[in-house]
1. What's the ranking of A:183-190, A:163-170 by average number of surrounding C-beta atoms within 10 Å, highest first?
2. Say R0 is 35 Å: what FRET efficiency, to the nearest 0.05, do B:Ala100 and C:Asp44 get from their beta-carbon distance?
3. Compute log10 of I(q)/I(0) for chain C with the Debye formula, placing one identical point scatterer on every Cα and leaving out solvent, at q = 0.08 Å⁻¹, to two decimals.
4. GNM on chain B, C-alpha springs below 10 Å: top fluctuator among B:Phe184, B:Phe21, B:Phe81?
5. For chain A, what does the relative contact order come out to in percent, with C-alpha contacts under 8 Å and a separation of six or more?
6. Using Cα-only point scatterers and the Debye equation, what is log10 of I(q)/I(0) for region B:28-102 at each q in 0.11, 0.22 Å⁻¹, rounded to two decimals?
7. Taking amide H positions as placed 1.01 Å from N in the peptide plane, with prolines and chain starts having none, which residues 5 or more places from A:Leu69, or on another chain, fall under 5 Å of its amide H?
8. How big a patch of accessible area, both sides summed and in Å² to the nearest 100, lies buried between A and B at a 1.4 Å probe?
Amino acid sequence: MKNFKKTLALLAALALSATAFYGCDTGSSNAGNSAANDGGNSATEESKTEDSAAGTDGEAASGDQLTILCWNANDSQPMVDLFCEKTGTDPSLINIKNFNVQGGQASEQYTQYLANADNDADIMFLEADWCLNFINDDAQTLPLSELGYSESDFSDIYDYVVETGKSTTTGALKGISWQAAAGGFCYRDDLAEQYLGVKTPDEMQEKVKDWDTFLATAKTLKDANGPALSATLGGVWQVYSGSRDSAWVKDGKLLVDDYCTKYAEFAHTLYNEGYVTKVSQWSPEWTPLGQTDDVMGFFVSTWGFGDTILTAAAGGEGGATFGKWKCVVGPSEFYWGGTWLAPAARINNKELAKQFIDFFTINEEGATAYAEKQGEYMSNKKVMEAIIAKGDYKGAPVLGGQNQFEVLNKVADGIDMKGKITPYDAVIKNEFSNAVNGYCDGTYATVDEAMDAFKDGVAGQITDGSVTID
Amino acid sequence: MKSSAQNKIRSISYAKYGYYFILPFFIVYFIFQLVPLINTFRLSVYGNGNFAQDYVGMSNFKILLFGGANRTEAALHKDVFNDLFNTLILWFGNFIPQLALSLLLAVWFTDINLKIKGKTFFKIVMYLPNIVTAASVAALFLMLFSKTKYGPINSFLIDHGFISENDPIDFVKGKWQSRGVIMFAQTWMWFGNTMIMLMSAIMGISKSLFEAADIDGANSRQVFTKITLPLLRPMVIYTLVTSMIGGLQMWDLPYLYKNGTAWNKSTETIAVFIYNKFHIIPQNYGYSAAASVILFVITSALGCICFAMNTDKEDKKKKALAKEQRKQAKLQSKSSFGGF
Amino acid sequence: MNNAKDNYSRKVMTKSIVIMTVLVLVTIVVLAPIYILFVNATRDPQAITNQPLSFVPGTSFFRNIKETINLNKIGKITYSAWVGYRNSFFITVSATALCIFFSSLTAYGLVIYDFKLATPAYTFILAVMMVPMQVTSVGFVQFMGKLKLTDTYWPLIIPAIAAPAIVFYMRQYMKANFPTEIVEAARIDGSGELSTFVRIAIPMLKPAVGVQAIFCFIANWNNFYTPSMILISREFKQYTMPMMVESILSNDKLSDQGVRYCAIVLSILPIIIIYCCLSRLIVDNVAEGGVKE
């Protein structure tokens, strides 16, 4: 107890001096900030290794660094690694500002971070669903022309990728993606053979070529007491949402049409007949389903062939089902996710930023290297077709010899996003799929009730009156 | 025999030290709580999202309390009341079992006639969940109660034939199931704390009362209803009110206990509403602040009720109370950590 | 007579059995979630998927631990129990120390000194005691942003100085248990006012200080609300333990169940160990703090 007293007295003394400090600091913001950082992180130095591994190096003066805002390091870290390796750039010149949240929350984190004018930002990673929040905002992002690009520079890039990066208010091109987030349907070929007698991906494609056959195949599987055809409703929704033929908001009005009710009924059938499992997408049980015999397939986007979805589903290298997967186009061409690179309005490192964007989009050498390293289907069509033609790339190991690029090449050709993207997509799609889930699990008794909840949900989120909802 | 030193001390005015000593508290309170509070009130009469700078008068309150013509206003109104209702339900559902259990255990642990083996062990175990971070509790319960057969609880129920494999219980999204889990988790976390609070209150009741009752041949039920409970009344009321104020603030579990980004409307509390409205883009500081002010009014009303209840009691039994009051006061500390 | 005695002891026996049963049941319910957590943290992810519930520990504990520590190394998932602990401890210990010291100081000021504003000040403290954090949070975050204090630890630590409820408690305790004459005696001995407080008052207030320190520590330790509002930039090295847990929760890319359980275990293990070492002290102290006359 004696020690306790001593400690207490010591802490009290420390505390007093700290408050004194504080009193002086509140006025001068920068001093306050750095003092706080020192105070808050006095023990940080010794764990430098962990910190730099996470790629956050906020302590160094970030003014001359290329600061990349992203919500996870799944892409940014390998990108920066490869970029530095191939171009000989000093890694310390690049600062990955990882907010470490789900994609859907990144937008709010960015906004708060950027609200402080002292915070540095050069390139922002923006997800397709909400990229317009920033791309339409000239206070936050710069047109790519400011970096010296013209639209013709991106002639090798898939149209829909370029289209998505354009501001819907001014039409200026403000962001570009390195990936064509096309996706396919990946299935277990051992299960397919066992239950469906399918031997090749082409035969499988026949079994899932559109939604009606998809449903019929799912029924065949269930009747044979077999696995669910697809893992989750969320996956189906990703694909189905891609096949919507109009934008969600037209003339400032939320469009709730036949498409919505049709999907709701479809989902209801899938869910309650056991054609998909009841697991939620992105829940901890989701990918482990791939190691059970309860599920035959996953819908996977280009970024999902690695650890994110498919490799994880197979249990990693040497996992229970590793190498037993195959990929087909599936019922409908779709893109899922996809990250756009946009220069921040406060960019102070244009040259390096341009070099970085170049490297992953129009720089053929860079794009090829990244595609082969990560197994990602790049947005540069020319590069991808060259890789396929060359035949060096053998496909993601989890596919056991199939080259997913060949499949994704067919998918990417079929994607048309022109005029279908709105700034509200993230909110609307999220609310819609929540409402449909509610209909499936019985929270809402009828489709009408679910659609009403959907409208209410959107109304509660888009509060600035820019979208009318009836 | 007054020494000159003593005289000297008497003549010095020490009043200024009083000001010095309470000054840090008031400075900090002013900057970190009073200004923010006033700021919240100010924000509640300003606009939302892109119109955050505009003065809008009482319109935020009008929309939240009475809804409005368009769907957005109606939805916000519905949300606020839905969330207030949830808050009430969740509080009620965890407070009743919590108080009942804590009271029972506290009476047993303080009963001198009962020789309970391993009393300290039980007390220590029961207090344990309180020190586990709420975030970890949410993570843990989310995994235990996972809604499919891959969750431990569901798999247990399936294996023992309580439910069929194709019909697992949706503990995460189901309306009453998810509420039930949160109520259980809250009870689990806080009953040990409440129990110890009540124990110290019971131990504060004069032993002679219990001894007298013992001599008079009162049985334990009588002792409980005639002595323990009446004397504990202020304490129970106090627990009720602090718990209610804690309950109104309930945030961690409802915020974290969900799958992915899908908000669960049946467990969303008013604190979650406030948090989300100024976090999710577009930031609606106005609605958030207005909801805070509504919460403030409710809290103040409850505070006043608590005060009134205690004063009432004071008038009735002045004598016994001086002591009890002190005890209550000591337990006021509970509110300092927004607990239950 | 003998019969009655038998009857009585039989009654006591029955009661003891009933009580014991209830206590054991409650203990099981309390410990079961934690036990399952620890067991699953020792199991292979594949085994967890096949049989989610097990009461027998597995053999993959070290594999899970290794993978959990590696999470951060591969740079994909922000989780480091060590960083979380370091930050949480720093914040919690500083906030608790400040809170206890200044609350006692304020209460001492109110009790010992006779000055004009003492009563109004006390009334004010009483009045604001019930204002919950959530009510002020909108204004708090916005104002901290203006002061450029977001992304620093200041708003997490300094406000602990102004804890009305603890001041209230301390004042009540002091009124009842602290002889004012002792202060005068100290003055005669030439002790300064602050040093009287530190050397004499604080040691005498030990029981109250102990209780409040425990509560304050737990409250700050569990605080997830304020850090998640204030640490806007989500600088990894500023993460507190609850934020680390949230990052595991919200990270949809982590499919390894063993690692998930293990990460939660690491988030609570040290505090549980500390608790077990100090448990007797804590539980007794909390109980006694209320009783000491």
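The values are calculated or read from the model by the stated rules, or taken from the named source; none is laboratory data. This is a predicted model, so every value here is computed, not measured. When we count neighbours, we look across all protein chains shown, and the Cβ atoms used for this are built from the backbone with ideal geometry, even at glycine. These accessible areas exclude ligands, DNA and RNA; they are computed on the full protein's heavy atoms, side chains included. Shrake-Rupley method; radii C 1.70, N 1.55, O 1.52, S 1.80 Å.
1. Values: A:183-190: 26.1, A:163-170: 17.9.
Output ranking for A:183-190, A:163-170: A:183-190, A:163-170.
2. Calculated value: 0.25.
3. -0.54
4. The residue that fluctuates most here is B:Phe21.
5. Values: 745 pairs, mean separation 97.6, N = 470.
Averaging sequence separation for qualifying contacts and normalising by length gives 21 percent for chain A.
6. Each listed q corresponds, in turn, to -0.48, -0.97.
7. Amide H neighbours of A:Leu69, under 5 Å, 5+ apart: A:Lys97, A:Asp122, A:Ile123, A:Met124, A:Phe125.
8. Working: alone 21040 and 20240 Å², together 38440 Å².
Its buried surface, counting both partners, is about 2800 Å².
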